[in-house]
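Right, one structure below, let's go through it.
The values are calculated or read from the model by the stated rules, or taken from the named source; none is laboratory data. The structure presented is a predicted model; accordingly, all values stated were derived computationally and were not measured. In this analysis, Cβ positions are derived from the backbone assuming ideal geometry, glycine residues included, and neighbour counts consider all displayed protein chains. Calculation scope for accessible area: heavy atoms of the full protein, side chains included, ligands and nucleic acids excluded. Shrake-Rupley method; radii C 1.70, N 1.55, O 1.52, S 1.80 Å.
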Amino acid sequence: LRIKLIAEGVLTDEGVVCRVAPMAMKTSHPLARVNGALNTVRVEGDPLGAVTLTGPGAGAGPTASAVMGDIAKLFSPTARSPFGRAAHHKARTFVAGKSDERSAFFLRAKLADRPGALASLSEALAAHGVSIDKLLPDSADDSDVSPVAIVTHECSRGDIDAASDRLAALETIVGAPQVIQIDAAE
């Protein structure tokens, strides 16, 4: 998996769910292969499927273009497309994501190097219906803390958030656990 910062907008029946967050994706995913000063936009929809556009996102030309675009919007914030809007296009409201959205997740936690620490972690996950697909423990460092990386089976956003809160409250967990959604698309 490769972790990328993703800005995402998803059209739902209720409106548009927007989020910006790190996301883990397979290395074969087009967004996972973007590096350096490149930016990529991926649009998915029916009947087109997925279209990926990649181009420079940093440097003198792209930065100047973006700055000039922002300045132009300051002087004409109500500018519309010269071709108008098709009658079938509706304005959509922004809505919060639902806690029942399902995905696999990458979870990283630091365990105190004590007997039962791993058991308390797996019990906290199980209590919220979060099942472990892969687990990679590491040896304790000089401060007696063992990092653990977990990939979960698919579960709801609400369940992983509740499990993460429960983990943070455990005495055997050092610091707050980190949760990153895994994108299943390729």
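Data overview
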| item | result |
| --- | --- |
| Calculated FRET value between residue 65 and residue 99, using beta carbons and R₀ = 41 Å, to 0.05 | 0.55 |
| Whole-percent carbon and sulfur share, accessible surface of the chain, 1.4 Å | 56 |
| Accessible area of the chain divided out per residue, in Å², using a probe of 1.4 angstrom | 66 |
| Å³ per residue enclosed by the Cα convex hull of the stretch 90-134 | 117 |
| Whole-Å distance, taken between Cα centres, linking the stretch 104-149 and the stretch 1-59 | 30 |
| Whether the stretch 109-184 is rounded, prolate or oblate, judged on the alpha carbon gyration tensor where a/c under 1.5 counts as rounded | prolate |
| Of 58, 112, 176, the one that fluctuates the most in a GNM where the chain has Cα springs shorter than 10 Å | 58 |
| Under-5 Å amide H pairs with residue 111, H placed in peptide plane, nonlocal only | 146, 148, 174 |
| Probe 1.4 Å - accessible area at residue 123, Å² to nearest ten | 120 |
| Inter-site label distance for residue 113 and residue 28 at 7 Å from Cα along Cβ, in nm | 3.9 |
| Within the chain, helix-based [θ] at 222 nm, where runs of 4 or more DSSP H residues each add -39,500 (n - 2.57), nearest 500 | -7000 deg cm²/dmol |
| Folded to 0 to 90 degrees: helix 157-169 orientation relative to the chain principal axis, Cα | 40 |
| Rounded accessible area of residue 132 (nearest 10 Å², 1.4 Å probe) | 60 |
| Hits among lysines - C-alpha to C-alpha of residue 110 under 25 Å, sequence gap 8 or more where chains match | 4, 26, 134 |
| Structure-derived Rg and Dmax of the Cα atoms in Å: which label, when the choices are (1) 21.1, 67; (2) 16.4, 47; (3) 16.5, 54 | (1) |
